[in-house]
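To keep things clear, I will list the structure first and then write my remarks on it.
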Amino acid sequence: MAGADRQEVVRPEMKVAEVLRRWPQLLQVLAEASPAFQKLKNPLLRKTLPSLVTVAQAARMGGLEPEELVARLNRALRVEARPEVPVGEAESLLGTPPPPWLSAPLGFHLDVRPILEQGGEPFQAIMAAAREVGPGERLVLEVLFEPIPLYKVLGKQGFLAWCERLGEGHYRVHFYRQGVGEGQEVAAGPASLSEADWESYQAEVYIEENLEPPLPMMRVLEALASLRPGEKLLVHHVRRPVHLLARLQAEGHTYLLKDLGQGQVKILIRKGG
């Protein structure tokens, strides 16, 4: 149906989580499309990875063309639609020239294939490994598929990425941590914050060391919900909250982070609209 309503077809830019929430029956279609999607049958993985990945990105991770996967999903819905893939949506790094920093010292090497093969979620292990990598060093991951969402997540922490395919179900991803001026990390976006923005904010939150997850994230998100779009929240944290930062990015908020050392991290968040 060429004139099908935009909301009644699967589109490349839709998150996999949204697709599965609206059309649960498409889980089996995804699982049959590529071995990489078999892990989506694990309930835990369906709560994490799909919320970060678009259908187009998932296709690349599964070794498929985005148009091919979108068409297959829509056929399962009895809809004949082939929406175009937005420019920049296919963010695979496979086949790109090796970067000059590939010879940088190895800071940490992690093989998450056993975790994935057992149906586990390696995100926390990857984030812990990333914290061990200093400026000018590399984090090397051995994975079952190209982890496209990680490029953006670790990019917020100052990492550059490059990926190579070593064989069937074996990808090696190199992440290089760049030096960041004064320990400052900036979320990318059209409304980026600057050093001057630290001088004023509308609300402030303190996170104590003994506060157990997910309470720190809940406290920040509740404070953010009380603000109007464009207003700023200053967070005094005891560590770099990787899950919170990924959530802020996914929801369209902009942040500026300063790691002051000794368990002191400041985050300035501008609420998105």
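Read the figures in this text as sums done on the coordinates, not as results from a lab. Quantities reported herein were computed from a predicted structural model and do not represent experimental measurements. Positions of Cβ are backbone-derived with ideal geometry, glycine not excepted, and every protein chain shown enters the neighbour counts.
List of remarks:
- Arg247-Gln25 FRET efficiency (beta carbon distance; Förster radius 22 Å; 0.05 resolution): 0.20
- Under-5 Å amide H pairs with Val205, H placed in peptide plane, nonlocal only: Leu234, Val235, His236
- Separation in nanometres of the label points that stand 7 Å from Cα toward Cβ, at Trp101 and Tyr206: 3.7 nm
- Two-site FRET efficiency, Lys266 against Glu164, from Cβ-Cβ distance with R₀ of 35 Å, rounded to 0.05: 0.40
- Fully extending the segment from Asp111 to Trp198 would add 27.4 nm, taking 0.36 nm per residue of separation and subtracting the current Cα-Cα distance.
- The order of the peptides 21-34, 236-249, 208-221 by mean Cβ neighbours within 10 Å, most packed first, is 236-249, 21-34, 208-221.
- Net length gained if the chain between Arg172 and Lys152 were fully extended (0.36 nm per residue, minus Cα distance): 5.5 nm
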